Structures are given as C-alpha cells and as structure tokens.
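Below is one structure, written out as structure tokens; comments come after it.
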Amino acid sequence: MLTKEQLLEKSKKPSADALKMHPFYKGKLASSLKCCVRDFNDFAIWYTPGVAAACRDIEAHPEKVFEHTNKANMVAVVSDGTRVLGLGDIGPEAAIPVMEGKAILFKYLGGVDAWPICLDTKDAEEIIKTVKIISPCFGGINLEDLSQPKCFHILDTLRKESKIPVWHDDQQGTAAVNLAGLLNALKIVGKKLEKVRLTMVGSGAANIATARIIIAAGADPAKMIMVDSKQTLHKGRTELQKDYKEKWHFCQITNAEQRKGGIAEAMEGADAVIALAKPGPDVIKKEWIKKMAKDAVIFACANPIPEIYPWEAKEAGARIVATGRSDFPNQVNNSLCFPAIFRGTLDVMASTITDEMCIASARELAKCAEDKGLKEDYLLPTMDEWEVFPRQAVAVGLKAIEQKVARVKLSKEQLYQKASDTIRKARMETTILMEKGIIPAYKG
C-alpha cells in the first residue's frame, strides 16, 4: 500500500513522461496503407487509370462510397481548442496533442481510424459549416473540447442536419461512462438509482449531458441538485434563461427542495456526487463529504487533478471513490465508452448516435465489470480488458437496429465477430510495428 506522499508523487509522473516522449515520437499518428502493393503495377489500380472505375461507380451509386473507400471506418476528431481537458482555452495548435491522443484511443481500443482536425475559429456557425463541408470523407464526427454554451448548439444542429453521426464526447461519452460507474457503485452500496439523492458539481457540457442520460436511465430529477460556478441551479436563477437554456431547463426539473447555496449545501445528505468541475485539489472539501448520506459515493472526475484526492475522500467517510485518472483505482473515463460506441455505430452504418445507444453502452460496460466481480476499488473494467469494447459495440449496434437508425442489419453474433475482428487487428498492427522496430522503442 503506497503512502499519500508516494501516491502524490506517482500522480506527477505521466506529465513528466509526456514532456519527454512527445518530442521523441513527434506526434502519435501517421497514415499507413491498408491495401496491398505487390509491385508498382498496382498503382495503376489504386490510382490512375484504374481508380476511375471506382469513382464512376460511386457517382452512379452514392451509397457505394462505403464499399470503395475508408469512409465507413473513418472519424474526424474536431475541436477549436476552447475547453481542453481542464486546461481551458489553449487554442487549436495546443489542442493537437489531445486530439491525436483521442485518435490513438479510437484506433487501439475500437479499431476506428480517426484523425485530428483542429479549427482556427471559435465561431459556432463556422464550425458547423466546416464539419458539414468535410463530412463526405468521414463516417462519423467526434466533437471534442468545445466551450459552452456553443457546444450544445453545434451538436444539436449537426445531429439534425448532418448525413453522418455526430456526437460530442465531452457530453455523451462522459455521460455514458458516468452512468455505468454509478450503476455499479449503487449496486455495491445497495441503493436504487431511482431513489438516490444525486449532486452534480459543475454544470458544464459534461455534467449537463450526464444528468440528462442518468435521468433517462431512471434517476429522479427532483432528487438531483446541480451546482455551477456561482450556486445551485433553482427556479430563481432567471439570469440563465437567455444564454444558458440547458442550465435553465435543469433549473425547472431538478432540486425539488429549491435548495440554495454552493457545493457544501448541495452535497448535504447526498448519496452520490458526480463532480466534473475545475481541477483540484480542494474543490470538494472533506467536511462536506462528512455531511453526506451513509455509504457515500464520490466521482471526482476533473483532469488533470481530481476535485479531491481519493485518499482524502476516503478519510472523510466516502465508501466508494472514483476519478478520471488511470493511475488511481476506479477510473471513470470516457475512453471506456467512445471507441466502442463508434465501433457499433459504424458497423451498422447508423445515421446518428442516440441517447438510448449511449445508455445501452453504459449498461453493457457495467455488466462487464459485474461479470468479473464488483468491488469497492473495481467499479468498471480497465482499458486493457479488451473484450468490453466488442461487447459494448454489439449493444450499441443492436440498439441502433431496434431504433431503426441503422442502414445495415446484423445479428448479435455477426456484430460481435465484426467488432472483435476489427479491434483485434488494430492491436496486432501496433504490436507488430513495435516488434519490428518501425515504431521505435523509447529508452528514456
């Protein structure tokens, strides 16, 4: 068992290593071939003159773009760099390392080819227009690290007007993994989702979507209290009506007591807290946890530092503590969901990603951990449990078929085979490239 000092020192290592390894590799992505090149004569097939036949076939039958190109497995990771990881508005160039990181998670965990596209504009309408313009090359769009409130408008508009699935991982992905973790935490403490008192610390895009998804999954909004940077959301917050319609909506349906105050007041008596606020520590204080209900659950998910360190939350009486970090127990991170959700979406060529598809993913992710045996320090699978990704992909694909948003209908067995084969291949590619020295070993 590591001491608090050792845990704190360990938590600093990923940042130190990042400053050494990013310059060594000069980025994390490169394009590679997926077609054979037997000799130089093959270029007459892949390029001129042979390629013209594929082009004409698509022109005559537009749906064949999914057969002749990589569109069916290609996702754009689009950001303007205005709300990055808890770093805030750092600009498009500084956001590239994060978007490249997102892309390698897509590939390694979900077998999805993804590419970062960081835009030099903060204008919502320009972002919407740009995504529409580039969409012919992609089978889906992952919006990332967009500031609020424009992120809601961008997502809602593109979901209505785009011909391909568009989602905002900070909203829907974060919501799905938090729902999965909460479902399992409540199983451990013996409480029911529909009866618990929930406090949402932070009312940004992530927690607003999380609240929406959790309510759709069965939570009682009257028993939920949300807190933004000023105070709790309640019907007296009329200043939110004009510019923050999403917050205003939750002012109407949550906080039946109309409790006023800050985080301390919102947490009193709560069964569970889901914090997606500003990086800590000390955003959540130990004395506030002491006033929560028995067997309290704390999700402190801010990056790079959680709102309260896990050992401090435990000392204050929390029974279950989760964070967004992989170097602490109980990581609640959307990396466990988004690669699989897109895998399932792409495999059935779904036209959108619905909230119900996200909930299906969350329930299957929770079931994966339950099948292995839930413990207070094992709420969710870790990213190295590769089987959770095809299982979620199947759940998502089946839900898309059920909701009639899928272009392709496959059986449960077919979906599992397709997803598992694709994900296994992606992992094998990386392993082989490392073994052959094409991806050089880092010796730092």
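Calculate how large, on average over all directions, the projected area of the Cα convex hull of segment 248-360 is; give the answer in nm² to one decimal.
8.9 nm²
Can you tell me the 0 to 90 degree angle between the C-alpha axis of helix 355-372 and the longest principal axis of the chain, rounded to 10?
80 degrees
Given the options Gly111, Ser361, Pro440, identify the residue whose Cα lies farthest towards the positive end of the charge dipole of the chain (+1 on Cβ of Lys, Arg; -1 on Cβ of Asp, Glu).
Ser361
In whole Å, how far is the Cα centre of segment 160-187 from that of segment 117-151?
Between the Cα centres of segment 160-187 and segment 117-151 lies a distance of 19 Å.
Compute the angle between helix 150-161 and the longest alpha-carbon principal axis of the chain, please, reported from 0 to 90 degrees and rounded to the nearest 10.
With both axes taken from Cα atoms, the answer is about 50 degrees.
Using Cα-Cα distances under 8 Å and only pairs 6 or more residues apart, what relative contact order does segment 156-287 have, in percent?
On the way: 189 pairs, mean separation 35.6, N = 132.
That works out to 27 percent.
Which one, (1) 4, 18, 28, 26, 17, 6, 1, 0; (2) 4, 20, 31, 27, 13, 4, 1, 0; (3) 5, 24, 35, 27, 9, 1, 0, gives P(r) over Cα pairs in 10 Å bins from 0, in percent as derived from the coordinates shown?
Only one option fits the structure, namely (2).
So for each of 54-60, 209-215, 394-400 I average, over its residues, the number of other beta carbons within 10 Å; can you give me the resulting order with the highest mean first?
On the way: 54-60: 12.0, 209-215: 23.9, 394-400: 27.4.
Those peptides, ordered most packed to least, come out 394-400, 209-215, 54-60.
As I understand it, the value is the acute angle between the Cα axis of helix 124-134 and the longest principal axis of the Cα atoms of the chain; what does it come to in degrees, rounded to 10?
Approximately 30 degrees, to the nearest ten.
Which one, Val84, Val189, Val227, has the greatest fluctuation when you compute a Gaussian network model over the chain with C-alpha springs under 10 angstrom?
The residue with the greatest mean-square fluctuation here is Val189.
With contacts defined as alpha carbon pairs under 8 Å and 6 or more residues apart, what's the relative contact order of segment 22-170 in percent?
About 23 percent, as a whole number.
Counting helices only, and only those DSSP H runs with n ≥ 4, report the 222 nm mean residue ellipticity of the chain as the sum of -39,500 (n - 2.57) divided by its residues, in deg cm²/dmol to the nearest 500.
-14000 deg cm²/dmol
Does segment 22-170 classify as rounded, prolate or oblate by the C-alpha gyration tensor (a ≥ b ≥ c root eigenvalues; a/c under 1.5 gives rounded; else a/b over b/c gives prolate, otherwise oblate)?
In terms of gyration-tensor shape, oblate.
So what is the relative contact order for the chain, in percent, with contacts set as C-alpha pairs under 8 Å and at least six apart?
RCO, the chain: 14 percent.
Once you sort the root eigenvalues of the Cα gyration tensor of segment 341-444 as a ≥ b ≥ c, which label holds: rounded (a/c under 1.5), prolate (a/b larger than b/c) or oblate (the other case)? Could the numbers behind the result be given before it?
Numbers: a/c = 2.53, a/b = 1.38, b/c = 1.84.
Oblate, because a/c is 1.5 or more while a/b does not exceed b/c.
Identify which of Gly344, Gly204, Gly236 has the largest mean-square fluctuation in a Gaussian network model of the chain, with springs joining Cα atoms closer than 10 Å.
Evaluated over the chain, the most mobile residue of the options is Gly236.
Fewest to most neighbouring Cβ within 10 Å: what's the order for Leu433, Leu410, Leu276?
Lowest count first: Leu433, Leu410, Leu276.
How charged is the neighbourhood of Lys418? Take every other residue with its Cβ under 12 Å from the Cβ of Lys418, and add Lys/Arg as +1 and Asp/Glu as -1.
Residues close to Lys418 contribute a combined charge of +1.
At what distance in angstrom do the alpha carbon centres of segment 39-53 and segment 278-331 lie from each other?
Comparing the Cα centres of segment 39-53 and segment 278-331, I get a distance of 58 Å.
Here, each number is a calculation from the coordinates, and none is a lab measurement. In this text the structure is predicted, and so the values were computed from the model without any measurement. Reconstructed Cβ throughout: ideal geometry from the backbone, glycine too, with neighbour counts over all protein chains shown.
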